[in-house]
1. Buried (at least 17 other Cβ atoms within 10 Å of the Cβ), touching a residue at least 40 places away in the same chain (Cβ under 8 Å) and within 28 Å of Gly179 (Cβ to Cβ) - does that describe any residue in the range 38-47?
2. Output the number of the condition that Gly27 fails; it satisfies all remaining conditions of (1) in a loop (DSSP other than H, G, I, E, B); (2) farther than 22 Å from Glu137 by Cβ; (3) assigned by TED's automatic domain parsing to the domain that holds Glu129.
3. I'd like the full set of residues that are on the phi < 0 side of the Ramachandran plot and either outside the structural domain of Pro171 (by TED's automatic domain parsing) or surrounded by fewer than 19 Cβ atoms within 10 Å (Cβ to Cβ) (or both), limited to the range 66-76.
4. Which condition number does Pro34 fail, the rest of (1) assigned by TED's automatic domain parsing to the domain that holds Val148; (2) part of a loop (DSSP other than H, G, I, E, B); (3) under 26 Å from Pro118 (Cβ atoms) being met?
5. Any chance you could count how many residues in the range 26-37 are under 22 Å from Gln63 (Cα atoms) and surrounded by 15 or more Cβ atoms within 10 Å (Cβ to Cβ)?
6. Residues Ala66, Ala4: which one is at pLDDT 95 or above, under 30 Å from Gly179 (Cβ atoms) and outside any loop (DSSP other than H, G, I, E, B)?
7. Which pairs do you get when a residue that is assigned by TED's automatic domain parsing to the domain that holds Arg140 and among the aliphatic types (A, V, I, L, M), found in the range 80-95, comes within reach of a residue that is crowded, with 23+ Cβ neighbours inside 10 Å and at pLDDT 95 or above, reach meaning Cβ atoms under 6 angstrom, with the pair 6+ apart or on two chains?
8. Any idea which of Leu152, Leu166 is over 19 Å from Ser82 (Cβ atoms) and touching a helix residue (DSSP H, G or I) at 6+ places or on another chain (Cβ under 9 Å)?
Amino acid sequence: MLTALFDFDGTLVDSDAALVAPFLALGVDPTTVPLGLPLVEACRLAGIEVGDYLAHYDDTVAQPFAGVPEMIGALPRWGLCSNKQRGAGLAELARLAWSPAIALFSDDFGGRPKELGPALEALGLDAGEAIFVGDTEHDRSSAAAAGVRFALAGWNPRATAMPGDLVLAHPSEVLTLLG
C-alpha cells in the first residue's frame, strides 16, 4: 500500500488569498512573486523581510479544498512536506485538527525548497512506497528528486498538468489510488 505525502498550500488548502495578502499589505505586487516558493526566497524576490511578511500573514484565512477533510480523515497515515514556515504551518494544522505522521516545513530544509527524503526516512518508506500530491512545478521537482511518483492536485484550478502527470480531479481519488 502506498503512503500519501502532500504539499500543503494549493494542495490541501486553498491558500492563494492568504499567501498574497501580506505582499499586498507591504506594497508588493504579488504577481512578481510566484506562489509555491520557500518564504525566504519569496521575500528576497519581493525585497521584504520574512518577519514583516509573517506579521501580516493570517493563518485562519486558508480553507481546505472541498473533499480534502474527508480524504484526510480516511487516511491511516500520511505526511506533509511544505515550503510554508513551520510556525504558520503548525498553527494551520492545529486549526484544521489534522495530524500527519510527519510534517516538514521550509525551516526543516534550511529555507531551501522542500525535500521528500527526510519524510520518507522518518516514515520508514522507500520511494516506491509513497506518492507525492502537489500543485506546482516545485512539487513535481521535489517528487522527481526523491524518485517518488507525483500526482497533480487537479482540484486546484491553478494547477497546470505537464505531460506524464497523474492528474487527480478530486481528493477522493487519492484514496482510490492508495488502494
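The values are calculated or read from the model by the stated rules, or taken from the named source; none is laboratory data. Treat the numbers as computed from the prediction; the structure is a model and nothing was measured. Heads up, the Cβs are rebuilt from the backbone with ideal geometry, glycines too, and the neighbour counts pull from every protein chain shown.
1. The answer is no; no qualifying residue exists.
2. Going through the list (1) in a loop (DSSP other than H, G, I, E, B); (2) farther than 22 Å from Glu137 by Cβ; (3) assigned by TED's automatic domain parsing to the domain that holds Glu129, Gly27 breaks only (3).
3. Ala66, Pro69, Glu70, Gly73, Ala74, Leu75, Pro76
4. Result: Pro34 fails condition (1) only.
5. 5
6. Ala4
7. Qualifying pairs under 6 Å: Leu80/Phe6; Leu80/Phe8.
8. None of the others qualify; the one that does is Leu166.
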